[in-house]
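Structure first, then comments.
We did not get these values from a lab; they are worked out from the coordinates using the rules stated. A quick note: this is a predicted structure, and the numbers were derived from the prediction, not measured. Reconstructed Cβ throughout: ideal geometry from the backbone, glycine too, with neighbour counts over all protein chains shown.
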Ligand code: ADP
Ligand code: MG
C-alpha cells in the first residue's frame, strides 16, 4: 500500500484523533446495537494506540442526523460497547468541537480513550467546512483514518481535517485497501466478478471498470432482467431500467468481442406478487411468464454459477441474487454465500447487503475478506480514488 500507516509515525504521548467507522445498525424499536462488527473491526488500531501510549480521541458518525442533534444517534451506547470490548474505561464528550471538548482532551492521560459526540450533529461536517475541520484538528497532534466505510465521502472528519494534521491510515483502512488494490491490480487468476442487487444503474461503473479486468462476469439479482430484456426476452413485471438497455447491450457485446464469459441466469424463480407466501414457479429465463416477477435465480443457474466459479482463484461478490429479504426468495443468495465459503480461493465480499447476509449466516470467517464499507468498496471497484484515502500521507 502506498500510504503511511499508524506504524510509521511516533504516537507515544501524542493526542491522536482517530476517525473510526462506528456507524453500526441500531434496532429500530429499542435503539440497541444490532451488530457490532464495525466496532470490533476498529479494535486493532485502538489497541495499538493504547499500547503505544497515545491519548486516543475517537470520532465517528452514526446514522443520518442531517446537521442537528438527534438523541438516539448519540455516541454513548457505542462508547459503552467499546469499553466492554476493550476491557477499559472509555469516556464521552458532549460535542466533537469547542471549548468543553478541548478542556476534556486536555485532561487525557497516555492510553486514555475519549469518544467524541456524533460530528453529523453539525451541518459543517458533511459540508466539509474548513473552519469546522480546523476545530477538529485543534484537538490532536496526529490524525489516523480507519473509517474505510466513509472514505468515499469528502467530509470534515474524513478529508478536511487531514489538511491540518499529519494524516495516516489505521489497520482496518490498510487491510481494506490492500485487499481491494490486490483485486484490481494483481489478482490471482482466473478472476470472477459476481454481481447482483436491484439496479444496473447502481453498478454500471463497476461493471464497466471490472469488465476489462476480470476473466468472467456473472450477473444475477434484479439487474439481470435488464440484460435479459436487451437480448429480446420477456421479463414480465420484473424491474428493468429501459434507459439502460443500450448500455446493457453494449456491455454484452464488449464481453463477446473479448471472448470474456458473461453469464446470466438460465432459469429463475418467478412469482406473481412480491410478498411472503406468494406461490412461486421455476422457469427458464427464455420463457418468463408475462404476469410474473423474477424474484431469484433458479436451481440450474445456481449450478451453472457454481461450476464456473469453481474454476476461479479469486472471486469478488457484490449484491444479492434475489429479493433475499423475503426468505422464500433468498435461496439463490444463500446458496451462493454457502458455496463461496467452501472454496479454496480468494473470496472478497463487497456490497452492504451481501456482507450482511454473509454475516447473518455466520460465514464471515470462512471468506477471505468481507468489506466493512459497501459504498466505499463499490466506488473502489469502479476505479475511483477515495477522497478519504487520497488525503493520507504517501509512503516515502
Ligand atoms: P449490495 O448492498 O450488496 O451492493 P444492492 O444494494 O445493490 O446490494 O441490492 C440489494 C437489493 O437488491 C436488495 O434489497 C434485493 O431485494 C434487491 N434485489 C435482488 N434481486 C432482485 C430482484 N430479482 N428483483 C428486485 N430486487 C432485487
Ligand atoms: Mg446496498
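Computed values, structure above
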| item | result |
| --- | --- |
| Antiparallel bridges, percent of DSSP beta bridges restricted to the chain (to nearest 5) | 25 percent |
| Relative contact order (%) - criterion: Cα under 8 Å, at least six apart; region: the chain | 16 percent |
| MRE, 222 nm, helices only [DSSP H, n ≥ 4, -39500 (n - 2.57), over the chain, to nearest 500] | -10000 deg cm²/dmol |
| Helix axis angle, 299-309 relative to the chain longest principal axis, alpha carbon, degrees | 60 degrees |
| Cα centroid of region 156-234 to Cα centroid of region 19-69, whole Å | 25 Å |
| Shape category assigned to region 6-175 from the gyration tensor of Cα positions, a/c cut at 1.5 | rounded |
| Max mean-square fluctuation residue, GNM over the chain, Cα-Cα springs under 10 Å, options 180, 86, 216 | 86 |
| Modelled label reach - residue 239, point 7 Å along Cα→Cβ, region 199-214 residues with backbone N closer than 15 Å | 199-204 |
| Gain in span if fully extended, residue 99 to residue 134, counting 0.36 nm per residue against the direct Cα distance | 11.3 nm |
| Projected label distance in nm at residue 382 and residue 306, using a 7 Å step from Cα toward the beta-carbon | 3.5 nm |
| Rg(Cα)/(2.2 N^0.38 Å) for region 82-238, N = residue count | 1.47 |
| Cα gyration tensor, region 131-177 - rounded (a/c under 1.5), prolate or oblate | oblate |
| Extension gain from residue 231 to residue 259, taking 0.36 nm per residue of separation minus the Cα-Cα distance | 8.3 nm |
| Linear extension gain, residue 84 paired with residue 36, 0.36 nm per residue minus alpha-carbon span | 16.1 nm |
| Beta bridges per DSSP with both ends in region 187-381, % antiparallel, nearest 5 | 35 percent |
| Rounded to 10°, Cα long-axis angle of helix 76-86 versus longest principal axis of the chain | 90 degrees |
| Rounded, prolate or oblate (a/c below 1.5 giving rounded, otherwise prolate when a/b exceeds b/c) for region 187-381 by Cα gyration tensor | oblate |
| Label-point separation, residue 198 to residue 287 (7 Å along Cα→Cβ), nm | 3.2 nm |
